[in-house]
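Structure first, then comments.
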Amino acid sequence: MNRGDPILLPVNLWFIVLSLCFAFFWNLLPWGGRYGIPDVLALVLVFWNVHQPRKVSIGVAFLMGILVDVHHASLLGENALAYTLLSYFAITLHRRILWFSTWAQAFHIGLLILMMRCVQALVHIMLDGRGMSGWILLEVVLSVLLWPLLSWILQAPQRRVIDRDDTRPL
Amino acid sequence: MEYNPPPLFRQGLSALVKVVVFSLFALCLLLLDSRTHILFVIREVVSTVLYPLEQAALSPRQAWRAVDGHFTSVVQLEKEILRLESEAIKNAVVLDQVRQLAMENAQLRSLLGASQHLPVKSIVAEILYDAKDPYTRKIIIDRGAKEGVVLGQAVVDEQGVLGQVTRVLPLVSEVTLLTDKDQLIPVMVERTGLRAVVHGRGQSNILDVRFVGLDADIVNGDFLVTSGIDGVYPAGLRVAQIVRVEKKSQDMFSLVWCRLLAGVNRHRQVLVLFPLTSLSGGVKK
């Protein structure tokens, strides 16, 4: 750790719910089957698993996976399995990962997203005989780039100060 | 740093136990869903619950289209009207000829004692979104069980056959396109009447034409139409156009590729055709 942790306000449960809803909403938008769109829901899940592992744990990931499965007309349980494993590894890493800088964290997250997509591909290969698409790498790169921004936004409410005065406006 | 002290004694289940339980549950769901249709209740319930959210998510695109359409210039609208009028006139002539032929056909059939052709009913549907799975080619349309959509119905657009309904939910339906790897459709070459089967390859809009003999009369540019012998797709609908024919002497069949005609303008509406006979048995997903 380089600079020392700022003192954060406790997290608001409604903010977690709201952020998950917005991330799920992103998944509902009609991207039109385009490859390489980063899965913001997975990133937000990983963020809360890393920062609040007791509040957001594997059950939430499973449920979100089922909802995404039904929306995307994929096999029921495919995304659920992927999100469950993603969530498990994020929770396993959650103490270690916060010691890294934001970009190093992003690299870890990129590996997690790659693992998740490989699990999905494996499921398909075993059940359907369909292969894996090379556009996964684009998605991983975009997720890595998105992580610092997402991390900053999602922790912003906790960085507010309690008492404002002229010397400390926000 | 958090203000709440972590619970020291009541930690709940460990993450490892949770992941094993949920993973096994997810694997069970996967196996059940890929082999049987037991879980359709879950899908129907979740889909109905998600429907308002999906509509809300699609509303920016609808709003954009409405605004975009509103700002079309008068000149463009006039050109479009002119084009549609001339098409309507041409189609009216063809329609008259078709009516004439249908009457003749019915008379001949009754003379020969053959059974009559049933008229085809259809409903118009709009494509809501593409299913994001990169491994299947599916689209979601906005007509479901409530409007009478049935599993296995053919879906066409103005260029040709698009695909088949593979899952019916209360408010929406899923249509698997012909380009999906598991989709087959029996066709006939329009020019010669040669029958073959078209198989999706899962990529782009190029399809495989199978069971074409080495000596078959088939060339680039030939149109393929549905042959109607499966009872699912009405006969005579355009499907694809041949783009490549290769005859290698060591195989039993020629290598023929064709390009799907439908699905070029994805924002258009589609027609869901009601089947000629009632569909029984399983439809391959």
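The values are calculated or read from the model by the stated rules, or taken from the named source; none is laboratory data. Note that the structure is predicted; figures quoted are calculated from it, not measured. Here the Cβ is made from the backbone with ideal geometry for all residues, glycine too, and neighbour counts use every protein chain on show. Calculation scope for accessible area: heavy atoms of the full protein, side chains included, ligands and nucleic acids excluded. Shrake-Rupley method; radii C 1.70, N 1.55, O 1.52, S 1.80 Å.
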>> Given the options B:V74, B:V46, B:V17, B:V21, name the one that is more than 12 Å from chain A (Cβ to nearest Cβ) and out of contact with any Gly (no Cβ under 8 Å at 6 or more places or on another chain).
In response: B:V74
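So that you can scan it fast, the table gives a plain yes or no per residue for (1) touching a residue at least 12 places away in the same chain (Cβ under 8 Å); (2) in a helix (DSSP H, G or I):
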position	(1), (2)
B:R65	yes, yes
B:G69	no, yes
B:E78	no, yes
B:K90	no, yes
B:A106	no, yes
B:V120	yes, no
B:I123	yes, no
> Which one of the conditions (1) closer than 30 Å to A:Q120 by Cα; (2) open to solvent by 80 Å² or more (accessible area, probe 1.4 Å); (3) in contact (Cβ under 8 Å) with a residue 40 or more places away in the chain does B:H37 fail to meet, given that it meets all the rest?
Replying inline: (3)
